Amino acid sequence: MHDDRSQPPLPSRPSPVPPPSGGAGGERGRWMSLRRRRSSLLLSARANMMRRLLTWLGSGTLLLITSSSAIVVLFIFYFIFRDALPFFQLRGLGEFLTSTGWYPTANPPEFGSLAIIFGSGIVTLGAIVLSVPLGVSAAVCLSDVLPFGARQAVKPVIEILAAIPSVAYGFFALVVFAPVLQDSGGRMLAICTWVIGLPVGALALLIIADLLAARVPVERRGLVRYLTLGSGGALVLIGVYALAQRLAVIEVVSGTNALNVSIILGIMALPTVVSVSEDALQAAGRELREGSYALGATRAETILRVVIPAAGSGILAAVILGVMRAIGETMVVWMASGNAAQVPEPWYNLLEPLRTLTATIAGDMGEADQVTGSARYHVLFAMALILLLISFSCNLASEWIVVRSRKKLGK
Amino acid sequence: MELGTRKLLDRSFTGFGFLSIFLMAASLLVILTPIFVRGFGAFVFQGTVEFRRMQHVLFERGDPDELAAEVAAAAEARAPVYRMLAEFDAELAEMGFLERREYEGPLQELRAALHELFGPAPGVPEPVMPRDKFGQTRWDRAQVKLHEVLYRVEYDYSDPTRMGVPVEVPRADDFAGTSLAQLFPYLQAHAEEMLHPRLTVYLQFLTDESQDAHFFGGIWPEVLGTFYLTLGAMLFALPMGVISAIYLVEYAGQGRMISFLRTCISTLAGVPSIVFALFGLAFFINTLRVTESKSVLAGSLTLAVLVLPTVIRASEEALRSVPGTYKEAALSLGAGKWRAIVSVILPASLPGILTGVVISMGRAAGETAPIIFTAAVSVGKAVDVLQLKFWEAFQQPTPALPWNIYNLATEHEAVDEIRHVQFGMVFTLVVLVLVLNATAIAMRARISKKLKG
């Protein structure tokens, strides 16, 4: 640190007198008069020490204020843990993590949270399945395909999606989306099957036909291709048709279900996934892409085989951040998940209502509040502890990934 | 693979990228459109004569003479309805006991439905609840209620494998062959004369107190509560965030302590908002006892902790973006480090810091979970801004926009009746957050222009 004179002349009015170093004996009187006018120009040994002390104190105060965020984190862990501990003392860990019977008000009460933990997991999984492919491909489009101007136009869309309050998403899910899903959920699913199934099936067929054709002699390639395309095309059509017919007759009992929440959470996680993975893709560098293009690869091949593997850790970090956003979300799941503490039958049936950790905490605290000290109150803190541990480990993981990839890039 | 296939795959890959961007924009549009359209309907709508009567009685607005004339005209149009009911009562008195019993139930239902549509019938003692004193104030709701007067819903259980299917039965069928049968065509034909729908601009929706659990009036307590919570959160978060950022950028080295601090800050950013709520309850209210129970102060502190990482990161970025030459120039003129920071670096980075602050304000205004246990109540009066009793305002619990959106949409006793209020609240909140974010985007654009030269 350089020598700190904290009361210098203002930059706009530089003083013609150079600051002396300590009290010079003979000219003391003159300096004293100056000192009266502008004490800051003079530093006695004592004043100097005071100043150092002050600087030290000042930066100490700054450090103290800065570390308040660390203190807050520790406090959060401490307070959640302190109120979660009595639950484990009262009821043990076994029932909490293995039973699906959630009857906190029954006599005797049951606190099996497996169904609720499962609910959080399946909703998060649904959100990730939706947001990661869309988000990563949008990020690819933003970083590699779109010109600069168009990118600037898309940025506000991402920012607005990220800025809309979660309660507005929840309100939309409950009031607008749930009735639509309830009335025509089966038809929507069937249409989605057609829209997704046909192009994906067609592309997969083309690849398979090409790969098969490459294995036979040149003169029979055309025949093999057409045979594969013809028979496979019929298969794909029949498959998609059968699936769509099965989905179309499904009657959605309630619009507030896991599918609704997964879709909305997926939309909410999109901005995080897009912006973090776009950063990662940009960081992968131009040379990699140019090298790949020079070898004759198409853009898709370049991105899929070169850029995405190089940016893999960044994209993984994006996925983790998306998971954190989805698992910690409260309002949407509280309003639109149906709040039924059950494992759907079969487990992947997203059209059943379910319940998540966050919604349970938000919903049950109001009733448990008055009976502070009961297992019912403390079980909510135990759930918060789970959430906290998940988000903490996700955070550490994403940080570790970023640090590792930085080391790798920097060598 | 063949070149054609590779090209096709490349095209479809690009197409998928465009499709996902399109889907992203489309979902934004799909979410915002109903909120904007129906939220706008809370401010501009077809108001009936009952709306103007309600405004006059509850808020003392409008010209009394004009209103009296309008009410009289509506009453005149409604008079045949009540006359027909009275005639039917007389007819009923002459009927035999069994026949009478058959009509009594449907008649009671009809009267209740008419009361909801038009308000209390003439001659009936004034009801206590404000919601019972007036008919439908909005033409769109009045049409729904009119439909309920004309039809009743029955459930068809004829197919035992399915749930009951609702079937609408005209009420006219219940009274077929009696004098009351002519009531229904009359109602259908003269609805407009009885209710006088007129385009109404109700901007006071924003600044009116709510009346009778949001049946009438506006959302001022919620708006004010959100304002206080956001203000309080920034009051705590801004100084702490900026100072932390200054320390991290200008003073901190590379030590273990600092990397631990940084990990803590990013952990704080990742903590789920509901955990903040529990922390606020356990720490600020149950341990520190800043107030006895829920209060704006406790909610603000919780929100401040929530937005702190955002403020720190934005300020850090802003401080780092100040060119190093600024600092060097200040130091070369003899300024001390602290002086250089306060008088040169901080002013230069101020727009960037403000951008982060504005975004954090949007976040604090929209967060619901942290204030559930620390600040929000569903009904309450906020202390008026004009009285400037800020300390008093900070010590009491408050309704707030995000919490009341949840509360009205899920827990209110008549969720469907007050959809317009819910949409109005969501609209207000979203517009508030979007305006804050647009400000931030505009500020950032200006800064980047300035930095480019």
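The values are calculated or read from the model by the stated rules, or taken from the named source; none is laboratory data. Because the structure is predicted, anything quoted here is derived from the model rather than measured. Positions of Cβ are backbone-derived with ideal geometry, glycine not excepted, and every protein chain shown enters the neighbour counts.
Worth a mention:
- Any chance B:Ser360 is more than 30 Å from the chain's Cα centre (by Cα) and modelled with pLDDT of 90 or more: no
- Test result for A:Leu387, of a type in the set (A, V, I, L, M), at pLDDT 85 or above, crowded, with 21+ Cβ neighbours inside 10 Å and in contact with a Pro (Cβ under 6 Å, 6 or more places away or on another chain): yes
- Inter-residue pairs, beta-carbon under 7 Å, first facing another protein chain (nearest Cβ under 7 Å) and in contact (Cβ under 8 Å) with a residue 40 or more places away in the chain and in segment B:253-270, second surrounded by fewer than 20 Cβ atoms within 10 Å (Cβ to Cβ) and not basic (Lys, Arg), 6+ apart: B:Ser266/A:Glu399
- Condition check for A:Leu114 on (1) more than 11 Å from chain B (Cβ to nearest Cβ); (2) surrounded by fewer than 18 Cβ atoms within 10 Å (Cβ to Cβ); (3) more than 17 Å from A:Leu380 (Cβ to Cβ): one failure, at (3).
- Flag set for A:Thr302, criterion: at pLDDT 90 or above, in the same structural domain as A:Val403 (by TED's automatic domain parsing) and touching a Lys or Arg at 6+ places or on another chain (Cβ under 7 Å).
- Of everything listed in (1) among the aliphatic types (A, V, I, L, M); (2) in contact (Cβ under 8 Å) with a residue 24 or more places away in the chain; (3) within 14 Å of chain A (Cβ to nearest Cβ); (4) out of contact with any strand residue (DSSP E or B) (no Cβ under 9 Å at 6 or more places or on another chain), the single unmet condition for B:Leu229 is (4).
- Selection status of A:Phe172, buried (at least 23 other Cβ atoms within 10 Å of the Cβ) and either of a type in the set (A, V, I, L, M, F, W, C) or at the interface with chain B (Cβ under 8 Å from one of its Cβ atoms) (or both): yes
- Residue check, A:Gly185 closer than 30 Å to A:Ile238 by Cβ, away from chain B (no Cβ under 13 Å) and not hydrophobic (A, V, I, L, M, F, W, C): yes
- Among the residues of segment A:117-162, the ones that are within 8 Å of another protein chain (Cβ to nearest Cβ) and among the hydroxyl-bearing types (Ser, Thr, Tyr) come to 1 in all.
- Unique residue being surrounded by 15 or more Cβ atoms within 10 Å (Cβ to Cβ), at pLDDT below 90 and touching a Leu at 6+ places or on another chain (Cβ under 9 Å) when the list is A:Gly185, A:Gly197: A:Gly185
- Residues (under 22 Å from B:Gly366 (Cα atoms) and either assigned to a helix (DSSP H, G or I) or without any contact (Cβ under 8 Å) to a residue 60 or more places away in the chain (or both)) located in segment B:286-304: B:Val296, B:Leu297, B:Ala298, B:Gly299, B:Ser300, B:Leu301, B:Thr302, B:Leu303, B:Ala304
- So B:Gln188, is it more than 23 Å from B:Leu432 (Cα to Cα) and touching a residue at least 24 places away in the same chain (Cβ under 8 Å): yes
- A:Ala326, sole failed condition from (1) touching a residue at least 12 places away in the same chain (Cβ under 8 Å); (2) over 21 Å from A:Asn395 (Cα atoms); (3) more than 9 Å from chain B (Cβ to nearest Cβ): (2)
- Scanning segment B:405-433 for residues that are among the aliphatic types (A, V, I, L, M) and either surrounded by fewer than 18 Cβ atoms within 10 Å (Cβ to Cβ) or touching a strand residue (DSSP E or B) at 6+ places or on another chain (Cβ under 7 Å) (or both) yields a count of 3.
- All positions within segment A:267-306 that are part of a loop (DSSP other than H, G, I, E, B) and among the small types (Gly, Ala, Ser): A:Ala284, A:Gly285, A:Gly296, A:Ala297
- Within segment B:240-252, considering residues that are more than 8 Å from chain A (Cβ to nearest Cβ) and not small (Gly, Ala, Ser), the one nearest to A:Val379 (Cα to Cα): B:Val242
- Qualifying residue in segment A:315-325 (condition: among the basic types (Lys, Arg), assigned to a helix (DSSP H, G or I), more than 30 Å from A:Val145 (Cβ to Cβ) and in contact with a helix residue (DSSP H, G or I) (Cβ under 6 Å, 6 or more places away or on another chain)): no
- Check on B:Asp10, among the acidic types (Asp, Glu), free of Cβ contacts under 8 Å to residues at least 40 places away in the same chain, surrounded by 15 or more Cβ atoms within 10 Å (Cβ to Cβ) and not assigned by TED's automatic domain parsing to the domain that holds B:His420: yes
- Among (1) under 31 Å from the mean Cα position of the chain (by Cα); (2) within 14 Å of chain B (Cβ to nearest Cβ); (3) of a type in the set (Ser, Thr, Tyr) - the single one A:Thr228 does not satisfy: (1)
- When B:Phe18, B:Phe22 are screened for being without any contact (Cβ under 8 Å) to a residue 40 or more places away in the chain and within 7 Å of another protein chain (Cβ to nearest Cβ), only B:Phe18 passes.
- Hey, A:Arg28 more than 30 Å from B:Leu281 (Cα to Cα), of a type in the set (Lys, Arg) and at pLDDT below 90 or not: yes
- Identification of helices (runs of 4 or more DSSP H) wholly contained in segment B:331-436 with 3 or more residues that are within 13 Å of chain A (Cβ to nearest Cβ) yields B:337-340, B:346-366, B:369-372, B:401-410.
- Unique residue being away from every other protein chain (no Cβ under 14 Å), of a type in the set (Lys, Arg) and touching a residue at least 12 places away in the same chain (Cβ under 8 Å) when the list is A:Arg299, A:Arg305, A:Arg355, A:Arg404: A:Arg404
- Note on segment B:131-228: enclosed helices (runs of 4 or more DSSP H) holding 2 or more residues that are under 21 Å from B:Arg52 (Cα atoms) are B:139-150, B:183-195.
- Looking only at segment B:31-51, and only at residues there that are under 30 Å from B:Ala77 (Cβ atoms) and polar (S, T, N, Q), the one that is nearest to the chain's Cα centre (by Cα): B:Gln46
- Among the conditions (1) of a type in the set (Ser, Thr, Tyr); (2) surrounded by fewer than 19 Cβ atoms within 10 Å (Cβ to Cβ); (3) modelled with pLDDT of 90 or more, the only one that A:Thr124 does not satisfy is (2).
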